[in-house]
Structure formats: C-alpha cells, structure tokens
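One structure is given below, encoded as structure tokens.
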C-alpha cells in the first residue's frame, strides 16, 4: 500500500478470487491467518511461474513427503482489459495448484492476491514436520492452536525504492507479523525468502526484518534466498507461524447485532505522512504488550481485522460473512484515532481509505474502552450489509 502502483482494481481482484473459489481445494475466506496442522514446525517456500505448463511441470517435481499446509501469495500483473480477462489468465494456474493440493492431500490455509507489474508468479509455502527442528513443543496442544500467514512485498510496489532497505525490511516484516495478532495470536517463527536481492539490499533488509522479529519477540528467524533472472524484481516473501489459545482465536465470522466496534491503535498516520513509514508509529500499533492487553480484555465472541488498506476496507471485511447487518460508525469518534504525537495532520479520509497503519478493528460484546489506546468507533445494527458513517 505504500506505493501508488500497489493500489489496484478491487473488481479485478475479486474476479480472480472468485475464479479460485470455484475449485474444490482453493478457498479465499479473507481471514488474516489460516489454521495449521498441529505438527507443523517448519516452512519451505517455492517460487512458481504462472505459465500453466511450467506450473504443472514444477509441481510434479516437488518432494512428496512431510507437507501439511499450503500458503499461496499470488503476484499478478496489473489488470489490463478488464477483470474477466484476468480470471481467465490465472485459471490454469489455479487448476494446477488445486490438483497439486488434492494429489498431496495438503490443507490450503491462506491465499493472497496482489497486483503488480512485471511477470506473474506465485510464492507457494508448505509447512512440514522436521524432527530436528521441533522448537514449538509448547504449542499445538489442546489449549493452543497453530496459525500461519503469508505475504509478499515487491520493491517499488509495496515499499519504496531507497538507498537503504533497513526501514523497508522492518516495515514489511511488521506488516506480515501483524496478521498473526489480527487473529488474536502470538507470532513464533518468521520465514523470509529474499528473491533477487543484491548483497547490499539483502544485508540491510535482513537487518530491518531482524529488528521487527526481535521487537515482536519471535523465537526463530529463518532466511532463504532465491535467484530467478526471469522475475527480475526484488521481492521479499514472509511466512509467519504463530499460536493462539483455542478459545481466543478471532476470525471474520460470527458478526452479531449489538456488537460494539473498536479501533485499537492509531490510524491514518501512514497515509497522512505520504507513506514514509514512522517506525515509532508501527511499534506503537504492533506492541506485543499493547495487543496482549487488548486480547486479555476480550471475554466474549470477537471478530478482528488489521488495518492494512484503510479502516473502511477492514470494516467491510467484518461484514463479508454476515447478512442483514450494518456497521454504523461515528465520524467524531473515528477522528480521535488519528491523534498522534508525531505532529502529523490526519484527515478522516486518511483514516478511512489510507493504509499501512496495522492497528486493529475489533467487533465484540466485550467492553474494551477502558484499555488505553482503544477507541469505540461504532456499533453493529440491523441493515443491508453497509458501512454507514455519521457525523
């Protein structure tokens, strides 16, 4: 979201997602994370070209043993000529992946569709059980479940081209890690695959990612590299494994009339600052202590979405699996979430339609307004599936 090139056609994205959802194994449910196999403790990533023949050939040569879950981050061409053309272009790739999942009996956990320029490809991450790397013995029990997410960040599309990639490394890692918190979880492992990184950019980007991993108390950081001259672009693919208490997991299902809607953190600041990332802003919203204080005060059903593409989109995500409900937002209360110590002037539009803040939108019956940094911004009422703003 940090670059104009990353703002893409919502209609075209939806067409591609719908094409994938028509297949038996691929489902895109808009949740930030997917539930993992209880024995998963390692991640292996592959770069898959979207040409149907190349895709099929590469998938046939992949090892068959020990894999449990699949994550796909699709890096697609910017739409040209309408959404329908896009869905037809990528359908052969989806069919190949679908057949691969069915053949290997691998559970599909998380899919992501992002529009960029350049040649289309996908990052496929598979979890496995590596006996000599069993670092997660305390999770996956009857009280805790494993969850995971995948994100890809392309230089010049998702983060700015710059002489020093330390800050982009911190930003990209933080954005990926944020998804675990959006499901009420705690991040445990970060797996980074750097694609076509120069020696200098590699060292700087890893330094930033390591800072983000340390800040978020991640136990293990695994770094791999991929060289692919056909792709050309510098890309960082993150797969994050986390844990969540069984009774505390938050998804996008179960919205109910009467729920209060809260924003945890500050919003609109990244957009108002022209997407020049303020590290202290990300640290405030992603603070493990802050998020834990929010989760500790949730005592009833809750839905959650992190704000990567603006508050408005996150609110609409809360409505995706419900019918006959509206979210009524108080603009005055929403505006309060833009107040900040950085002397950045934030507008309502920055909050509603900006992004890259990684605060949390939460709908729940629990009372969260007593938690410092949490603002009640609206309520869920009977309606027609709309987000309605009132001043």
**Study point:** Options 267, 203, 197, 237; residue that is assigned by TED's automatic domain parsing to the domain that holds residue 167 and buried (at least 23 other Cβ atoms within 10 Å of the Cβ)
**Key:** 237
Exercise for review: May I ask you to list the residues in the stretch 249-268 that are over 26 Å from residue 218 (Cα atoms) and not in a loop (DSSP other than H, G, I, E, B)?
Suggested key: 260, 261, 262
Practice item. Residues being in contact with a strand residue (DSSP E or B) (Cβ under 6 Å, 6 or more places away or on another chain) and modelled with pLDDT under 95: count how many of those fall in the stretch 359-391. Key: 1
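Take residue 171 and decide whether it is modelled with pLDDT under 90 and in contact with a strand residue (DSSP E or B) (Cβ under 8 Å, 6 or more places away or on another chain).
Considered against the rule, which asks whether it is modelled with pLDDT under 90 and in contact with a strand residue (DSSP E or B) (Cβ under 8 Å, 6 or more places away or on another chain), residue 171 comes out as no.
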**Study point:** Check on residue 323, surrounded by fewer than 19 Cβ atoms within 10 Å (Cβ to Cβ), in contact (Cβ under 8 Å) with a residue 60 or more places away in the chain and closer than 26 Å to residue 157 by Cβ
**Key:** no
**Study point:** residue 153 vs. criteria crowded, with 20+ Cβ neighbours inside 10 Å, under 29 Å from residue 273 (Cβ atoms) and modelled with pLDDT under 90
**Key:** yes
Exercise for review: Examine the stretch 272-294 for a residue that is part of a strand (DSSP E or B), more than 21 Å from residue 112 (Cβ to Cβ) and in the same structural domain as residue 354 (by TED's automatic domain parsing), and state whether such a residue exists.
Suggested key: no
Practice item. Take the stretch 211-226 and flag every residue that is in contact (Cβ under 8 Å) with a residue 40 or more places away in the chain and assigned to a helix (DSSP H, G or I). Key: 211, 212, 213, 215
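Taking the options 229, 187, name whichever one is surrounded by 23 or more Cβ atoms within 10 Å (Cβ to Cβ), assigned by TED's automatic domain parsing to the domain that holds residue 152 and not in a helix (DSSP H, G or I).
187
The values are calculated or read from the model by the stated rules, or taken from the named source; none is laboratory data. These numbers were taken from a predicted model, which means no experiment stands behind them. As a convention, Cβ positions derive from the backbone with ideal geometry for all residues, glycine included, and neighbour counts pool all protein chains shown.
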